[in-house]
Amino acid sequence: MENQQQELNRPQRNNVLFAIRIVFVYLFFAVLLSGAVLLLVLERPSYSQDEKRELATMPSFSLSALYKGEYTEALQYFYNDTIPYRSELKRFSDRVLSYKGFAQDDVYIDIPGDLPPIPSEEPDGTLPPVTTPGTNAEEVPAVTPSQSTEKPNVNEFSQNQGIVTYKKRAMELYWGSKASMRDYALSLNTLQTRMPELNVWSMNIPISSAYYLPPSLAGKYGDQEQDCAYIRSLLQEGVYYVDVYNVLKKHVDEDIYLRTDHHWSYLGVFYAVEEMMKQANLPVPNLSDDYVTKSKDGNLGSFYLYFDQKHLVNYPETFTWYEPKFSFDCTYYSYDTMQVVKTSQNKMFFYYSEPFYDMVNYGDSYLTHVKTSANTGRKVAVFKDSFGNALAPFLAKGFDEIWVIDLRYFKGDAYAFLAEKGVTDVLMASCMFTNAGYKSSYYKNLFVS
């Protein structure tokens with residue numbers, strides 16, 4: 001009897017299962033159709049904050065472009081590039097991919113395969129003699145990598161041997177070449193010799209691995225403390241040295257470096273400039289009196305955005321910056337034409353929807369001139385890589401004029417420029433990857449060649 005009842009119920013169960021399948025199929029296609037409609041009707045973004053670029057625009061229709069297939073290709077690229085909520089969807093996807101079972105304090109190491117090898121250790125040497133116009137003193141050649149991997153605004157990565165994440169902080173492994181350090185020191189010494197009326201300053205900026213490497217890796221790569229000391233030993237009398245390494249060492253428990261970006265933080269920049277201003281006998285900036293403190297939670301920097309460190313999506317950070325309360329004017333020049341491109345008044349920070357490290361004075365984009373009301377009679381020219389971008393808001397407290405010059409893009413005669421602008425101080429502000437790597441040749445090209 002029981003078996004007969006089961007036989008009678010089986011068709012009913014089959015009917016129920018079939019109905020469930022039909023409902024599931026309809027729901028599945030309803031979700032797909034709704035998603036497709038939403039992607040068509042929702043507002044499409046025009047700028048990617050994560051990628052720091054303008055997104056594709058709707059192509060113009062023409063029969064010729066349609067016939068050649070160019071219109072449909074451009075239309076497909078437009079819809080793919082401007083998906084609504086593209087940043088949120090990417091972060092959600094990366095968050096899912098990042099769940100790989102690692103404990104939160106584990107060490108992640110990513111070693112790209114297309115980066116130059118660590119050079120063999122070279123013997124210590126003395127600084128080559130300072131060259132002056134008309135002499136042919138032999139110079140130590142700069143180290144040149146076998147392959148370039150430069151990316152916009154993050155050029156220091158071209159010498160990176162790996163990215164380590166430790167206790168929610170990403171950082172680069174470091175190495176340095178003594179030949180490159182000698183080239184850097186030679187450049188400053190040559191400038192001081194040729195223009196002795198200038199105050200020449202050296203600001204060697206460590207990268208974060210100088211302080212935050214896990215114990216298992218500490219000491220196995222280049223020693224930034226020793227390399228900073230080595231550069232200092234090469235500088236001749238008359239070149240002033242800002243001891244950034246030891247200044248920042250006193251504040252390692254504070255947010256002096258960004259955790260998801262390869263740059264230092266604006267707080268770290270403040271401590272370095274504070275030390276320089278004391279040495280220069282200039283007004284020292286005060287964060288509470290002279291600046292408005294602003295911050296934004298949930299930021300992800302260059303390690304996540306440019307270098308595919310997806311696990312960092314789980315460790316966003318608070319980004320803090322300081323906007324001057326005092327008055328100033330900024331003028332921006334093209335490196336190619338030296339013509340004025342933009343001007344601004346009482347504004348140094350520019351961003352779209354979210355703040356980011358390079359938002360100060362448009363990052364590396366222009367040669368920048370800042371005029372202040374400091375009235376100290378001092379004018380500074382800052383030759384820098386991207387680590388030097390953030391100095392201007394704090395230097396503006398003590399210098400009447402500031403020229404911010406990216407040493408990688410400046411095409412003029414540095415000596416003529418300094419003389420023409422009446423500069424009193426020259427500050428070399430770049431990270432140790434630049435000063436101890438092949439990019440030290442940029443300094444040499446400007447001041448020695």
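The values are calculated or read from the model by the stated rules, or taken from the named source; none is laboratory data. Here the structure is a predicted model, which means the values were calculated and not measured. Here the Cβ is made from the backbone with ideal geometry for all residues, glycine too, and neighbour counts use every protein chain on show.
Flag not set for Ser430, criterion: closer than 22 Å to Val292 by Cβ, among the small types (Gly, Ala, Ser) and part of a strand (DSSP E or B). The set of residues in the range 171-194 being in contact with a strand residue (DSSP E or B) (Cβ under 8 Å, 6 or more places away or on another chain) and either surrounded by fewer than 24 Cβ atoms within 10 Å (Cβ to Cβ) or farther than 15 Å from Ser233 by Cα (or both) consists of Met171, Glu172, Leu173, Leu191, Gln192. Within the span defined as the range 356-376, one or more residues are touching a Gly at 6+ places or on another chain (Cβ under 8 Å), under 30 Å from Glu317 (Cβ atoms), at pLDDT below 95 and not charged (D, E, K, R). Considering the range 371-395, the residues that are free of Cβ contacts under 8 Å to residues at least 60 places away in the same chain and surrounded by fewer than 24 Cβ atoms within 10 Å (Cβ to Cβ) include one that is nearest to the chain's Cα centre (by Cα), namely Ala381. Selection of strands (runs of 3 or more DSSP E) fully inside the range 156-242 by the criterion of at least 3 residues being modelled with pLDDT of 95 or more returns 199-205, 239-242.
Take the residues of the range 291-300 that are touching a helix residue (DSSP H, G or I) at 6+ places or on another chain (Cβ under 9 Å) and under 15 Å from Leu267 (Cβ atoms): which is surrounded by the most Cβ atoms within 10 Å (Cβ to Cβ)? For the range 291-300, the residue satisfying everything is Tyr291.
If I go through the range 378-399 residue by residue, how many of them are assigned to a helix (DSSP H, G or I) and not hydrophobic (A, V, I, L, M, F, W, C)? Number satisfying all stated conditions: 4. Of the residues making up the range 353-367, not a single one is in contact (Cβ under 8 Å) with a residue 60 or more places away in the chain, within 25 Å of Lys167 (Cβ to Cβ), surrounded by fewer than 18 Cβ atoms within 10 Å (Cβ to Cβ) and more than 17 Å from the chain's Cα centre (by Cα).
Ala280 meets each of the listed conditions (1) buried (at least 16 other Cβ atoms within 10 Å of the Cβ); (2) touching a helix residue (DSSP H, G or I) at 6+ places or on another chain (Cβ under 9 Å) apart from (2).
Would you check which residues across the range 301-327 are of a type in the set (Ser, Thr, Tyr) and either surrounded by fewer than 13 Cβ atoms within 10 Å (Cβ to Cβ) or not in a helix (DSSP H, G or I) (or both) and list them? Let's see the steps before the verdict.
Taking the range 301-327 and keeping what is of a type in the set (Ser, Thr, Tyr), we get 302, 304, 306, 315, 318, 320, 322, 327.
The answer is Tyr315, Thr318, Thr320, Tyr322, Ser327.
What about Leu282, is it of a type in the set (A, V, I, L, M), assigned to a loop (DSSP other than H, G, I, E, B) and closer than 17 Å to Leu427 by Cα? In short, yes. Among the residues of the range 372-390, those that are under 17 Å from Asn435 (Cβ atoms) and charged (D, E, K, R) comprise Lys384, Asp385.
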